[in-house]
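The values are calculated or read from the model by the stated rules, or taken from the named source; none is laboratory data. Small disclaimer: the values here were computed from a predicted structure and weren't measured. Note: ideal-geometry Cβ built from the backbone for every residue, glycine included; neighbour counts use all protein chains shown. Surface areas here come from the heavy atoms of the whole protein model, side chains and all, with no ligands, DNA or RNA. Shrake-Rupley method; radii C 1.70, N 1.55, O 1.52, S 1.80 Å.
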Amino acid sequence: YVPAAAALLLSIGNADERISDWAMEHTPVFGSMERAGRMSDDFRSVSSYAMYLSMLLAPSGDEPVDWAVSKLKGALVQHAAFALNREVVDGIKAATGRERPNGDNHKSFPSGHAANVAAFTNLASRNVDAMNIPQGAKTALDVGMYALAAATAWARVEAGAHYPTDVLAGMAQGYFITSFINDAFLG
């Protein structure tokens, strides 16, 4: 709910556009719009690797057949959650037609990168939570994954590809859809 609420607040008084303009002009974190764009792609890749690795490492039963069935079910459910998230992003982009801050095209809302990374890190976090590792390790991995999602979202703003509301809405959507599907089918 936090990203969705923040997106609503940023739509008041053109704060969204002002933050976007400032980020593109100053590029305070990544140093250039081009580097921010490349880093957002890299972050998205890292988050997908984290999800798939966590899927493989999550406990799945002691017997080979139980293990294989459990892995297949987990992979199908989590892939379906991610695929649904991607389709919803594409549908909303087509319906809204919001122009990107850099003027590239009319596919700004919501941010696909932010939605995808939120989906990947959320699913990875749920997989890590099922692992038999110390709580401190789980917390550290969660913090790292959510920091990765936040860094990706900011990189998209700094790259001029999205407004802050685009990335916040994408994050909220990615988290919601994958949470709902994962919890409905995997518990």
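Give, in nm to one decimal, the length gained when the segment between His26 and Ala95 is fully stretched (0.36 nm per residue of separation minus the Cα-Cα distance).
Here the segment from His26 to Ala95 would lengthen by 21.7 nm.
Between 0 and 90 degrees, rounded to the nearest ten: what's the tilt of helix 135-158 against the longest Cα principal axis of the chain?
Approximately 30 degrees, to the nearest 10.
Between His106 and Met131, what length comes free when the chain is fully extended (0.36 nm per residue of separation minus the Cα-Cα distance, one decimal in nm)? Working shown, then result.
On the way: separation 25, 0.36 × 25 = 9.00 nm, distance 4.18 nm.
Stretched fully, the His106-Met131 segment lengthens by 4.8 nm.
Where in the stretch 157-187 is the amide nitrogen less than 17 Å from a point lying 7 Å along the Cα-to-Cβ axis of Leu84?
171-187
Using a Gaussian network model of the chain whose springs link C-alpha atoms within less than 10 Å, name the residue from Pro64, Pro164, Pro101 with the highest mean-square fluctuation.
Per the Cα network of the chain with a 10 Å cutoff, Pro64 tops the list.
Would you work out the relative contact order for the stretch 47-187, in percent, from Cα pairs under 8 angstrom that are 6 or more residues apart?
Numbers: 204 pairs, mean separation 47.7, N = 141.
Rounded, it is 34 percent for the stretch 47-187.
Taking a ≥ b ≥ c as the square roots of the eigenvalues of the Cα gyration tensor of the stretch 133-187, is the shape rounded (a/c under 1.5), prolate (a/b larger than b/c) or oblate?
oblate
Using the Karplus curve 6.51 cos²θ - 1.76 cosθ + 1.60 with θ = phi - 60°, what ³J(HN,Hα) values do you get for each residue of the stretch 77-91, in whole Hz, with x for Gly and Pro?
Listing the rounded values in order: 5, 5, 5, 4, 4, 5, 4, 4, 4, 4, 5, 5, 4, 4, x Hz.
Through the Karplus equation 6.51 cos²θ - 1.76 cosθ + 1.60, θ set to phi - 60°, convert the phi angles of the stretch 37-47 into ³J(HN,Hα) values in whole Hz; use x for Gly and Pro.
Per-residue couplings from phi come out as x, 5, 5, 5, 5, 5, 4, 4, 5, 4, 5 Hz.
Using Cα springs under 10 Å in a Gaussian network model of the chain, which residue among Gly37, Gly160, Gly97 shows the largest mean-square fluctuation?
Result for the chain, Cα springs under 10 Å: Gly97 fluctuates most.
Once the whole set of protein chains is in place, how much accessible area is left on Thr27, using a 1.4 Å probe, in Å² to the nearest 10?
Approximately 20 Å² for this residue.
Could you compute how fast the stretch 79-187 diffuses translationally, taking Rh as the Kirkwood radius over C-alpha pairs and applying Stokes-Einstein at 20 °C with viscosity 1.002 mPa s? Give it in µm² per second.
Roughly 150 µm²/s, to the nearest whole number.
In degrees, nearest 10, range 0 to 90: what is the angle between the Cα axis of helix 112-130 and the longest Cα principal axis of the chain?
With both axes taken from Cα atoms, the answer is about 30 degrees.
Quick check of the Kirkwood formula: for the chain, what is the inverse mean of 1/r over all pairs of different Cα atoms, in Å?
Numbers: mean 1/r = 0.0588 Å⁻¹.
Answer for the chain: a Kirkwood hydrodynamic radius of 17.0 Å.
Need the list of lysines near Lys93 for cross-linking: C-alpha distance under 16 angstrom, and skip anything on the same chain fewer than eight residues off.
Candidates past the 8-residue exclusion: Lys107.
Please check: in the Gaussian network model of the chain (C-alpha springs, under 10 Å), which one of Ala94, Ala68, Ala81 has the largest mean-square fluctuation.
Highest fluctuation among the options: Ala68.
Divide by every residue of the chain the summed helix terms, -39500 (n - 2.57) for each DSSP H run of at least 4, and state the resulting mean residue ellipticity at 222 nm, rounded to the nearest 500 deg cm²/dmol.
Working: 7 runs with 145 residues, N = 187.
My calculation for the chain gives -27000 deg cm²/dmol from helical runs alone.
In whole Hz, with x marking every Gly and Pro, tabulate ³J(HN,Hα) for the stretch 12-27 from phi via Karplus 6.51 cos²θ - 1.76 cosθ + 1.60, θ = phi - 60°.
7, x, 6, 4, 4, 5, 5, 5, 4, 4, 4, 5, 5, 6, 9, 5
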